[in-house]
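Below: the structure, in structure tokens.
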Amino acid sequence: MAVRFSNVSYIYSRGTPFEKKALSDISFEAEKGDFVCICGKTGSGKTTLIKLVNDLLRPFSGEVSLDGRSGLLFQFPEDQLFAPTVIEDVMYGPLNLGRNKDQAREGAEKALLCVGLGPELYDRNPFTLSGGQKRLAALAGVLAMKPSVLVLDEPTAGLDFRSSRSLMALLHRLNTDGVTIIMVTHEMELAQEHAKQILVLDKGRLVLSGSAGDVFSQRNRTVIEKAGLELPEPGSSL
Amino acid sequence: MRDVTFGRYYPSRGPLHETSASLKLLFFALYIVSIFISKTYTGLAVCTAFLLICIFISRVPLGRVLRSFRSIIIIALVSSVIVYLTHPQDGALAAVVLFVRLISAVCVSALLTLTTTPSEIADGLEKSLSFLRFIHVPVRDIALSVSITLHFVPVLQEEAEKIYCAQKARGASFSGSLSHKASTVVAVLVPLFSSAFRRAGELADSMESRCYDYACERTAFHESRFTSYDVLAGLLFAAYFLFTICVRLMPWQ
Ligand SMILES: Nc1ncnc2c1ncn2[C@@H]1O[C@H](COP(=O)(O)OP(=O)(O)OP(=O)(O)O)[C@@H](O)[C@H]1O
Ligand SMILES: [Mg+2]
């Protein structure tokens with residue numbers, strides 16, 4: 001078991017007029033080496049769910065358990081970058097883990113190479129990068145910490161087809177090396193191709209879960225459409 | 001950081017929400033005057049009672065208002081103790097006076113921002129200070145800056161929260177010794193400042209791209225007019241204010 005949710009609920013702005021129930025009674029389990037895709041339409045609670053995985057939010061009720069170290073790629077990479085240069089940003093995590101400067105720099109360069117960002121970007125201010133480059137820099141910052149559970153919020157959004165494919169290939173490689181992956185995506189085809197387990201959220205409830213074959217079967221068509229999603233086109237894996 | 005109430009509007013339709021903003025600003029200023037002219041237990045009791053009544057009729061939960069002085073209560077307590085210890089006579093009264101003044105000043109400003117939206121405040125400021133335009137004070141620009149500042153309190157709060165999350169997600173720890181906590185606050189503040197400047201630049205661009213011109217006469221989308229509500233509120237407040245002055249001037253005190 002890498003991640004387990006037992007009857008987890010979450011409410012934003014509790015006790016104010018803006019109170020909003022974002023998740024109700026979510027239970028699931030991700031094994032070590034699992035590849036979980038979370039699908040659901042806008043506002044269904046996906047980001048809330050993965051913030052709970054990473055302990056950025058505390059459940060209102062229920063219990064979240066996590067085995068190992070988790071790393072989170074935020075939905076909006078702007079929210080994730082804060083250091084004055086790319087290389088410092090990527091080194092931030094390893095330094096927090098107690099590595100010395102040289103080790104951290106080495107790890108950071110490896111991670112940046114891994115996501116395909118070259119040395120010419122190391123000393124740039126991360127906010128001057130393009131949207132896609134920001135995302136990759138943020139991903140490098142997460143990978144540099146060598147998490148055993150990697151959580152990604154719509155990692156392919158804003159990437160061109162090639163970068164998106166190479167990102168998925170990278171995730172696949174990490175997964176084969178034993179990293180548990182939990183990924184939010186809007187692209188059903190990506191989920192169908194990569195996921196070992198799929199979770200479908202609808203208005204904060206977990207309406208479907210299981211393997212791609214089970215979840216995306218014709219008998220679930222109405223549930224999936226009610227959740228505001230479409231079944232992936234048959235045979236159209238990317 | 002999450003619990004900053006100052007500058008947060010609390011939507012409701014209570015009588016204080018309906019009162020015109022320029023009037024509320026005037027009340028605010030006069031209320032501060034009234035707590036500074038009250039130097040006796042009676043006077044302070046009147047001020048406090050009035051504040052409590054205002055909070056009660058505003059329909060803002062008491063807790064929301066009280067939360068605003070959580071951070072200042074230590075300062076108020078410490079300074080009251082110092083006053084108590086250093087005053088040659090009547091130390092207790094001086095300490096209570098200071099304490100009540102500080103707390104009610106904070107509460108009344110919280111009440112103002114809780115019941116008035118930032119744009120209403122800016123509008124009210126512009127109206128009530130417009131006489132200063134005759135001596136070439138750029139009242140409108142000041143009002144706009146105030147309104148933007150108030151708008152950005154919750155935005156920056158959110159931003160700080162995001163940076164906090166981003167750092168926490170990468171292994172920063174926010175608990176531990178006091179000096180460690182202080183250094184983590186700096187680590188959040190530095191990116192917060194750079195992001196505030198970035199946002200300010202973006203905002204200026206977006207205002208200019210929509211032809212904001214600081215030199216021209218502006219009209220309001222929501223014209224604010226005095227209503228019978230305002231007249232009633234004004235009368236009640238005037239009564240209160242005169243009463244505090246009477247209490248101050250009472251010969252037997
Ligand atoms: N900070 C917040 N305060 C109050 N409500 C919030 C907050 N963040 C999210 N919500 C609400 O909680 C619900 C779930 O939000 P969440 O961000 O988890 O959705 P999502 O599935 O990630 O959507 P998207 O696909 O657009 O990213 C939404 O209705 C949203 O309005
Ligand atoms: Mg989201």
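Please go through the range A:154-213 and pick out each residue that is among the charged types (D, E, K, R), over 17 Å from the mean Cα position of the chain (by Cα) and assigned to a loop (DSSP other than H, G, I, E, B).
If the condition is that a residue be among the charged types (D, E, K, R), over 17 Å from the mean Cα position of the chain (by Cα) and assigned to a loop (DSSP other than H, G, I, E, B), then A:Asp160, A:Asp177, A:Lys203 are the ones that fit.
Test each condition in (1) more than 11 Å from every other protein chain (Cβ to nearest Cβ); (2) more than 16 Å from ligand 1 (Cβ to nearest atom); (3) open to solvent by less than 20 Å² (accessible area, probe 1.4 Å); (4) not in a helix (DSSP H, G or I) for A:Arg124 and report the one that comes out false.
Going through (1) more than 11 Å from every other protein chain (Cβ to nearest Cβ); (2) more than 16 Å from ligand 1 (Cβ to nearest atom); (3) open to solvent by less than 20 Å² (accessible area, probe 1.4 Å); (4) not in a helix (DSSP H, G or I) one by one, A:Arg124 breaks only (3).
Does the range B:225-240 include one or more residues that are within 14 Å of chain A (Cβ to nearest Cβ), out of contact with any helix residue (DSSP H, G or I) (no Cβ under 9 Å at 6 or more places or on another chain), closer than 27 Å to B:Ser128 by Cα and open to solvent by less than 80 Å² (accessible area, probe 1.4 Å)?
So far as the range B:225-240 goes, no, none of its residues is within 14 Å of chain A (Cβ to nearest Cβ), out of contact with any helix residue (DSSP H, G or I) (no Cβ under 9 Å at 6 or more places or on another chain), closer than 27 Å to B:Ser128 by Cα and open to solvent by less than 80 Å² (accessible area, probe 1.4 Å).
Go through the range B:61-87 and report how many residues are among the small types (Gly, Ala, Ser) and free of Cβ contacts under 8 Å to residues at least 12 places away in the same chain.
Number satisfying all stated conditions: 2.
If A:Asn175 satisfies all but one of (1) open to solvent by less than 40 Å² (accessible area, probe 1.4 Å); (2) more than 23 Å from A:Arg69 (Cβ to Cβ); (3) of a type outside the set (A, V, I, L, M, F, W, C), what's the number of the condition it fails?
The one condition A:Asn175 does not meet is (2).
Just to verify a result, which residue in the range B:160-193, among those that are in contact (Cβ under 8 Å) with a residue 40 or more places away in the chain and open to solvent by 20 Å² or more (accessible area, probe 1.4 Å), is nearest to ligand 1 (Cβ to nearest atom)?
By that ranking, first place goes to B:Glu161.
Looking only at residues that are over 19 Å from the mean Cα position of the chain (by Cα) and of a type outside the set (Gly, Ala, Ser) in the range A:53-65, which one is nearest to the other protein chains (Cβ to nearest Cβ)?
Across the range A:53-65, the extreme among qualifying residues is A:Phe60.
Going through B:Lys168, B:Lys162 one at a time, which residue ends up being within 14 Å of chain A (Cβ to nearest Cβ) and in contact with a helix residue (DSSP H, G or I) (Cβ under 9 Å, 6 or more places away or on another chain)?
B:Lys162
Taking B:Ser58, is it buried (at least 20 other Cβ atoms within 10 Å of the Cβ) and free of Cβ contacts under 8 Å to residues at least 60 places away in the same chain?
Yes: the conditions hold for B:Ser58.
Counting just the residues of the range B:197-210 that are in a helix (DSSP H, G or I) and away from chain A (no Cβ under 13 Å), which one comes out surrounded by the fewest Cβ atoms within 10 Å (Cβ to Cβ)?
Step by step, filter the range B:197-210, then rank; the result is B:Ser209.
Select from the range A:36-72 the residues that are assigned to a strand (DSSP E or B) and either crowded, with 23+ Cβ neighbours inside 10 Å or at pLDDT below 90 (or both) and list them in ascending order.
Correct list: A:Val36, A:Cys37, A:Ile38, A:Cys39, A:Gly40, A:Gly71, A:Leu72.
Looking only at the range A:66-83, decide whether some residue is assigned by TED's automatic domain parsing to the domain that holds A:Gly210, within 16 Å of ligand 1 (Cβ to nearest atom) and touching a Ser or Thr at 6+ places or on another chain (Cβ under 6 Å).
No, there is no match, as no residue in the range A:66-83 is assigned by TED's automatic domain parsing to the domain that holds A:Gly210, within 16 Å of ligand 1 (Cβ to nearest atom) and touching a Ser or Thr at 6+ places or on another chain (Cβ under 6 Å).
Which ones in the range B:77-105 are surrounded by fewer than 18 Cβ atoms within 10 Å (Cβ to Cβ) and over 18 Å from B:Ala45 (Cβ atoms)?
Within the range B:77-105, B:Leu77, B:Val78, B:Ser79, B:Val81, B:Ile82, B:Tyr84, B:Leu85, B:Thr86, B:His87, B:Pro88, B:Gln89, B:Gly91 meet the criteria.
When both residues are 6+ apart or on different chains and their Cβ atoms are under 7 Å apart, which pairs have a first residue that lies in the range A:66-84 and is more than 9 Å from chain B (Cβ to nearest Cβ), and a second that is more than 16 Å from ligand 1 (Cβ to nearest atom) and open to solvent by 50 Å² or more (accessible area, probe 1.4 Å)?
A:Asp67/A:Met1
Within the range B:4-12, can one find any residue that is free of Cβ contacts under 8 Å to residues at least 60 places away in the same chain, within 14 Å of chain A (Cβ to nearest Cβ), open to solvent by 40 Å² or more (accessible area, probe 1.4 Å) and at negative phi?
yes
Filter the range A:145-157 for residues that are away from ligand 1 (no atom under 16 Å from the Cβ) and open to solvent by 10 Å² or more (accessible area, probe 1.4 Å); which is farthest from the other protein chains (Cβ to nearest Cβ)?
So, considering only residues that are away from ligand 1 (no atom under 16 Å from the Cβ) and open to solvent by 10 Å² or more (accessible area, probe 1.4 Å), the one farthest from the other protein chains (Cβ to nearest Cβ) is A:Ser148.
What about A:Arg4, is it more than 13 Å from ligand 1 (Cβ to nearest atom) and within 20 Å of B:Glu159 (Cα to Cα)?
So A:Arg4 does not fit the description; no.
What residue, among those in the range A:85-110 that are among the small types (Gly, Ala, Ser) and open to solvent by less than 10 Å² (accessible area, probe 1.4 Å), is nearest to the other protein chains (Cβ to nearest Cβ)?
A:Gly93
Collect the residues in the range A:189-207 that are touching a Phe, Trp or Tyr at 6+ places or on another chain (Cβ under 9 Å), within 12 Å of A:Ala227 (Cβ to Cβ) and surrounded by fewer than 23 Cβ atoms within 10 Å (Cβ to Cβ), keeping them in residue-number order.
Answer for the range A:189-207, where residues must be touching a Phe, Trp or Tyr at 6+ places or on another chain (Cβ under 9 Å), within 12 Å of A:Ala227 (Cβ to Cβ) and surrounded by fewer than 23 Cβ atoms within 10 Å (Cβ to Cβ): A:Gly204, A:Leu206.
Of the conditions (1) without any contact (Cβ under 8 Å) to a residue 24 or more places away in the chain; (2) farther than 27 Å from A:Lys32 by Cα; (3) outside the structural domain of A:Glu88 (by TED's automatic domain parsing), A:Leu159 clears all except one; give me its number.
Only one criterion is unmet by A:Leu159, namely (1).
Looking only at the range A:15-35, filter to residues that are part of a strand (DSSP E or B) and among the polar types (S, T, N, Q); which one of those is farthest from ligand 2 (Cβ to nearest atom)?
Only one residue tops the list, namely A:Ser27.
Restricting the search to the range A:12-34, which residues are away from ligand 1 (no atom under 13 Å from the Cβ) and buried (at least 22 other Cβ atoms within 10 Å of the Cβ)?
Matches in the range A:12-34: A:Ala30 only.
So, B:Arg133, is that one open to solvent by less than 30 Å² (accessible area, probe 1.4 Å) and charged (D, E, K, R) or not?
no
The values are calculated or read from the model by the stated rules, or taken from the named source; none is laboratory data. Fair warning: this is a prediction, and the values are worked out from it, not measured in the lab. Cβ: placed from backbone, ideal geometry, glycine included. Neighbour counts: every protein chain shown. For accessibility, only protein heavy atoms count, side chains too; no ligands or nucleic acids. Shrake-Rupley method; radii C 1.70, N 1.55, O 1.52, S 1.80 Å.
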